[in-house]
Structures are given as structure tokens and as C-alpha cells.
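Encoded as C-alpha cells, the structure appears first; notes follow it.
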Amino acid sequence: MTNTMTYKGYAARIGYDDEDGIFTGQIAGIRDGVGFHADNVEDLKQAFREAVDDYVATCAKIGKSPQKPYSGRVMFRVDPETHRKAALAAELSGKSLNQWAEDVLNRAATAQHSA
């Protein structure tokens, strides 16, 4: 079971509000708070698509570029010993450090996403 939806490269976190008896969603990965809700899954899917389309249209209307899905560039610092271990693991697997890190991050993100 997943708690996310995707549409046009955007993703949303999905929840359930037991008090109101509705499904709720929030577009992830953008600074603007864009939420939506519905009573059932099919309506929630439609509400999500409408929220994304409305977000993009509203940005165009006010002359703002909508925040795009991620570029694929990740820059972060790690402890030098962690860097050494990662570089060694990458070399031993026959991959570049970038390829190896992408595989590791993808597996970790997939496992978290599935949880």
C-alpha cells in the first residue's frame, strides 16, 4: 500500500482524516502549500490532478514559475570516512560514486516509500 500519488511529475502525500471521514493530500516538494481532499479514492485522484493543474495555471497567471519536480542534482557533505567507504564500495561494485549513491538512495527511498 502506498500513501502517495503522482501526476505530471508532482507527488502528493495522502492521509485520512478520521474525524471528518475524508482523504487528504498535500503536494510534496514545493514551497507553496497546495492541499486537496475528497470522500473517496477516485475523487481524490481527480482533486489531486485539479490541484496540480490549478497550481501551474495560477503560477502562470501571476507570472511566477511553478516549482518543478527535482532536477536530479543532489549536493551534500558527509564525514570524510563515510566518503572513503562509499567511494570504495562504489569501486568494488564497478560503478562510479554517483551511480552507486543513486542506487543506494533509490533503494532507501523506495523502502521508505513502501513503509
Cβ-Cβ under 8 Å pairs, at least 6 apart or on other chains, the range 91-112 side farther than 16 Å from Met75 by Cβ, far side not in a helix (DSSP H, G or I): Trp100/Ser93; Asp103/Lys95
Flag for Arg13 being at pLDDT below 95 and touching a Ser or Thr at 6+ places or on another chain (Cβ under 7 Å): yes
Which listed residue, of Lys8, Lys95, Lys45, is under 24 Å from Ala111 (Cα atoms), among the charged types (D, E, K, R), surrounded by 13 or more Cβ atoms within 10 Å (Cβ to Cβ) and at pLDDT below 95: Lys95
Meets criteria (among the aliphatic types (A, V, I, L, M) and exposed (fewer than 11 other Cβ atoms within 10 Å of the Cβ)) for Leu105: no
Per-region count, the range 1-19, residues outside any strand (DSSP E or B) and either out of contact with any strand residue (DSSP E or B) (no Cβ under 8 Å at 6 or more places or on another chain) or of a type in the set (Ser, Thr, Tyr) (or both): 6
Candidates Glu42, Glu91, Glu81, filtered to the one that is under 16 Å from Met5 (Cα atoms) and of a type outside the set (S, T, N, Q): Glu42
Residue in the range 51-90 that is nearest to Gly35 (Cα to Cα), counting only those that are part of a loop (DSSP other than H, G, I, E, B) and of a type in the set (S, T, N, Q): Gln67
Scope the range 20-36; condition in a strand (DSSP E or B) and closer than 20 Å to Lys68 by Cα; matching residues: Gly25, Gln26, Ile27, Ala28, Gly35, Phe36
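The values are calculated or read from the model by the stated rules, or taken from the named source; none is laboratory data. Please read these numbers as outputs of a predicted model, since none were measured by experiment. Here the Cβ is made from the backbone with ideal geometry for all residues, glycine too, and neighbour counts use every protein chain on show.
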